[in-house]
Structures are given as C-alpha cells and as structure tokens.
Amino acid sequence: MIQRLRDSTNAHDIDGIVSCFASGYRNETPAHPARGFVGNDRVRRNWTQILAAIPDVSTKIVSCLADGDTVWSEWEHQGTRPDGSVHLMRGVIIFTVREGRIVAARFFLEPVDEATDGIDAAVRRQIRPEAS
C-alpha cells in the first residue's frame, strides 16, 4: 500500500493517490493539531494544490516497517517551488491500513530547516523563545 502511494505520487496520479485512502480517512498532525482532517476528499484537495504548485515533486520512502495494520514509514518529499526555491520535507508518517486502504495517519512530515545555528541555539529557542 505504501509503495503504491509513493508510486502514484511520483506519477502525479491524483486518482491513484486518493484511491490509497479510505473515504473516512483520519489525518492527525500531533505537532500542529489544527491541521488534522477527515476524508479522502481533503487528500484530493491537498494533493491537487501540491502537484499544481510543485510540478516536479517526488517522494521517497527512506524506511518502512509494518506491524499488523500499522505501518511506520519515513519519507522525503522534494521538488521546486514556483519561485525556484527548493521544496524539501522529511519525516515520519505512521499509517493504519485496513482492507488495502489507509484509514488513518499520524503525520510528522515537516519542511527541512537548513538553519546553521546548531543545537545550542535550537535548545535556547525551545526553553526561552524570547531570548532568540
């Protein structure tokens, strides 16, 4: 299933992408709770926007492990934005798959932060945001 999702995404096949998801699909984004949604219609809207804005987007499964109906997967998405800047996201998606379709996901895919300020500055921002 996860390879089918990757292949459909890399082929820019919107119907193929949406067919990977159950109609009642539930997306949970723990780091950004307001971004969660329900329904494969929202998957279609999201991917239609992504494919239009980043016409060369491609995805790669870095690692994947299935345990029953739970699939832990690490992804990389890359491409070029309309302004010529690099689109690069990496992270983990934990899928629940039943009867050949994705019914839920915990989504931890984030834009790559190319900042060079290192771990000390990052820790300071987390514990004292006003000091940044």
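What is the residue count in region 19-74 for residues that are in contact with a helix residue (DSSP H, G or I) (Cβ under 7 Å, 6 or more places away or on another chain), over 21 Å from GLY100 (Cβ atoms) and free of Cβ contacts under 8 Å to residues at least 40 places away in the same chain? It would help to see each step written out before you state the result.
Taking region 19-74 and keeping what is in contact with a helix residue (DSSP H, G or I) (Cβ under 7 Å, 6 or more places away or on another chain), we get 20-23, 25, 29, 40, 43-44, 47-48, 51, 57-59, 61, 64, 71, 73.
Subset that is over 21 Å from GLY100 (Cβ atoms): 29, 48, 51, 57-58.
Retained after the next criterion (residues that are free of Cβ contacts under 8 Å to residues at least 40 places away in the same chain): 48, 51.
Qualifying residue count for the region: 2.
Matching residues to (1) closer than 21 Å to LEU5 by Cα; (2) aromatic (Phe, Trp, Tyr):
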position: PRO30; (1), (2): no, no
position: PHE37; (1), (2): yes, yes
position: ASN46; (1), (2): yes, no
position: ASP56; (1), (2): yes, no
position: ASP69; (1), (2): yes, no
position: MET89; (1), (2): yes, no
position: ILE93; (1), (2): yes, no
position: VAL112; (1), (2): no, no
position: ILE119; (1), (2): no, no
### Message
Go through (1) loosely packed, with under 12 Cβ neighbours inside 10 Å; (2) within 14 Å of the chain's Cα centre (by Cα); (3) of a type outside the set (Lys, Arg) for ILE127 and report which single condition fails.
### Response
(2)
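Name the residue that is surrounded by the most Cβ atoms within 10 Å (Cβ to Cβ), counting only residues in region 108-124 that are under 30 Å from GLY16 (Cβ atoms) and of a type in the set (A, V, I, L, M). Spell out the reasoning first.
Step one: of region 108-124, the residues under 30 Å from GLY16 (Cβ atoms) are 108-112.
Still in the list and also of a type in the set (A, V, I, L, M): 109, 112.
Values: LEU109: 18, VAL112: 14.
Per the criteria, the residue is LEU109.
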### Query
Given the conditions (1) touching a Gly at 6+ places or on another chain (Cβ under 6 Å); (2) open to solvent by 70 Å² or more (accessible area, probe 1.4 Å); (3) of a type in the set (A, V, I, L, M, F, W, C), and given that ILE54 satisfies all but one, which numbered condition is not satisfied?
(2)
### Summary
All-but-one check, ALA105 against (1) open to solvent by 30 Å² or more (accessible area, probe 1.4 Å); (2) under 18 Å from ALA34 (Cβ atoms), failing number (1)
### Task
Name every residue in region 58-102 that is surrounded by 16 or more Cβ atoms within 10 Å (Cβ to Cβ), within 18 Å of ARG26 (Cβ to Cβ) and of a type in the set (Val, Ile, Thr), in order of residue number.
VAL71, ILE93, THR96, VAL97, ILE102
### Task
Return the total of residues in region 7-51 being surrounded by 14 or more Cβ atoms within 10 Å (Cβ to Cβ), of a type in the set (Gly, Ala, Ser) and on the phi < 0 side of the Ramachandran plot.
5
### Task
Could you give me the residue pairs with C-beta distances under 7 Å whose first residue belongs to region 1-14 and is under 16 Å from ARG44 (Cβ atoms) and in contact (Cβ under 8 Å) with a residue 12 or more places away in the chain, whose second residue is of a type in the set (Ser, Thr, Tyr) and in a helix (DSSP H, G or I) wherever it lies, and which are 6+ apart or on separate chains?
ILE14/THR48
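The values are calculated or read from the model by the stated rules, or taken from the named source; none is laboratory data. What you see is a predicted model; the values in this text were computed from it and never measured. Note that each Cβ is placed from the backbone with ideal geometry, even for glycine, and that neighbours are counted across all protein chains shown. Remember, those area values only see protein heavy atoms, side chains included, never the ligands or the DNA or RNA. Shrake-Rupley method; radii C 1.70, N 1.55, O 1.52, S 1.80 Å.
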